[in-house]
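K.L.:
Before we start, here is the structure in question, set down as structure tokens.
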Amino acid sequence: MLFNSFDFGFFLVLAFLMYWGIGAKRRKSQNLFLLLASYFFYACWDWRFLGLLIASSLVDYWVGIQIGKSNHSLRKKGWLSFSILWNLGVLFTFKYFGFFVENFEALFGIPHTTEYNFWNVAIPLGLSFYTFQTMGYSIDVYRKHITPTKSLLEFSCFVSFFPQLVAGPIERAKKLLPQFERERHFQLQDAKEGLRQILWGLFKKIIVAEKLGMAVQMAFNQPEQYHSITLIYAIILFCFQVYCDFSGYTDIALGTAKLFGFKLSRNFNLPYLSKSLSELWQRWHITLTRWFTDYVYIPFVKSFKHRNAFIRAIGLLITMTLVGFWHGAKWTFVIFGLLNGLILVVERLPLFPKKETLQNKL
């Protein structure tokens, strides 16, 4: 069930009316309805993977409780390690297993086989998003940034909330979970803004992205038929196609959440107006960048006693390579991430004196 389908439009109208019909005073009933609606939304894509979504919710809910009530640091680390291994294991099994098997076969000259049929299925919908969201929850509980929730219903809603389940944003428990814990009253202004944002997202995705995609596909399918200038133009169009497609989907998610009384994080902030690649990554897929910064880059740098420029550069390269690999199980994504990391490292080199220093020298 895609956001830009008539099926989703019918589902959204029906869910909206039933949700507010329950009444704000019945918060738990509203949450239960949202959970069932989210599971139905997910099952419409492929019901076989609904169990995986539920299992991820149960694992990290239990891990959060165990970390919260444990008084021993070693035991807390053990539970956190279990959460990380579970989430990364699920990601590896369903998203990256085939990539490593194919490269292993190519490296050692082993004939390609398709006997591992279990891993030839499609990647579960939203897997990269909800595993990071639940894993971030466990890490935050371990760091004592939040207290573990005792409500399985509310935590399950936090993990599977259908507007942001498919393509983010990747929400932090500190922001989204409390919204399930308090009463939500219908606000006409929020509903208007939500509907406006949904329409804007549909415009970007259907009218702009899909039309640009047709032109880009023609050039990319037969590049030998076009002049180099035309191909450069197609690459520029492709950049705007990707932006309008992804940000349009996100706008629909944010607008849909507003219809139900929730506020999600902004994920795009005019990234192509950035003055540097560093600024672009602060404006593009903002919640993903912050996730990797807080849970990968900063812990890596802090693990060293001497946090010099070399350590920070290595941290950037590792983080951005993982960001690229997160986007897809292909070498092109790995190289994409590594190149971005190299550029970010170069941007941080002190090639030019700061303005204040230059003025002092003059």
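K.L.:
Using only C-alpha positions, report the orientation-averaged shadow area of the convex hull of region 83-227, nm², one decimal.
P.N.:
Its Cα hull, projected and averaged over all orientations, spans 14.8 nm².
K.L.:
Need one number: the % of Cα-Cα pairs in region 118-173 sitting beyond the 15 Å mark. Walk me through the numbers before you get to the answer.
P.N.:
Details: 783 of 1540 pairs.
When every Cα pair of region 118-173 is considered, 51 percent fall beyond 15 Å.
K.L.:
Please give me the summed charge of the neighbours of residue 160: other residues whose Cβ is under 13 Å from its Cβ, Lys and Arg +1, Asp and Glu -1. Before the final figure, lay out each step's value.
P.N.:
Details: positive: none; negative: 60, 154, 171.
Neighbour charge sum, excluding residue 160 itself: -3.
K.L.:
On the protein heavy atoms, probe 1.4 angstrom, tell me the percent of accessible surface of the chain carried by carbon and sulfur.
P.N.:
Looking at the chain in its full context, I get 66 percent from C and S.
K.L.:
Report the per residue volume, in Å³, of the convex hull enclosing the C-alpha atoms of the chain.
P.N.:
207 Å³
K.L.:
Which chymotrypsin sites (Phe, Trp or Tyr not before Pro) from region 194-235 combine a DSSP loop assignment with at most 16 other Cβ atoms within 10 Å?
P.N.:
226
K.L.:
Only Lys, Arg, Asp and Glu count, each charged at its Cβ (+1, +1, -1, -1), so figure out the dipole size of region 1-102 about its Cα centre, rounded to 20 debye.
P.N.:
For region 1-102, the charge dipole is close to 680 debye.
K.L.:
Assuming 0.36 nm per residue, please report the length gained on full extension of the stretch residue 294 to residue 335 beyond their Cα-Cα distance.
P.N.:
Numbers: separation 41, 0.36 × 41 = 14.76 nm, distance 2.25 nm.
That works out to 12.5 nm of additional length.
K.L.:
Please state the relative contact order of region 124-247 as a whole percent: Cα pairs under 8 Å, 6+ residues apart?
P.N.:
Once divided by the residue count of region 124-247, the mean separation gives 23 percent.
K.L.:
In addition: About its Cα centre, what dipole magnitude does region 226-313 give when the only charges are +1 on Lys and Arg Cβ and -1 on Asp and Glu Cβ, stated in debye to the nearest 20?
P.N.:
That gives a dipole near 500 debye.
K.L.:
Something else about it: Return the single residue from 343, 236, 335 with maximal mean-square fluctuation; model: Gaussian network over the chain, springs between Cα atoms under 10 Å.
P.N.:
Sorting by GNM fluctuation, first place goes to 236.
K.L.:
Okay, moving on. For the charge dipole of the chain, defined by +1 on Lys and Arg C-beta atoms and -1 on Asp and Glu C-beta atoms about the Cα centroid, which residue among 271, 239, 70 has the Cα displaced farthest towards the positive pole?
P.N.:
Projecting each Cα onto the dipole axis, the largest value belongs to 70.
K.L.:
In addition: Could you size up the charge dipole of the chain around its Cα centre, putting +1 on the beta carbon of Lys and Arg and -1 on that of Asp and Glu, and report it in debye to the nearest 20?
P.N.:
Value, rounded to 20: 1760 debye.
K.L.:
Using 7 Å Cα-to-Cβ label points, what is the residue 84/residue 199 separation (nm, one decimal)?
P.N.:
Result: 4.8 nm between the two label points.
K.L.:
Solvent-accessible area per residue for the chain at a 1.4 Å probe radius, Å²?
P.N.:
Each residue of the chain exposes 56 Å² on average to a 1.4 Å probe.
The values are calculated or read from the model by the stated rules, or taken from the named source; none is laboratory data. Because the structure is predicted, anything quoted here is derived from the model rather than measured. Reconstructed Cβ throughout: ideal geometry from the backbone, glycine too, with neighbour counts over all protein chains shown. Accessible surface is based on the protein model in full, side chains and every heavy atom, while ligands, DNA and RNA are left aside. Shrake-Rupley method; radii C 1.70, N 1.55, O 1.52, S 1.80 Å.
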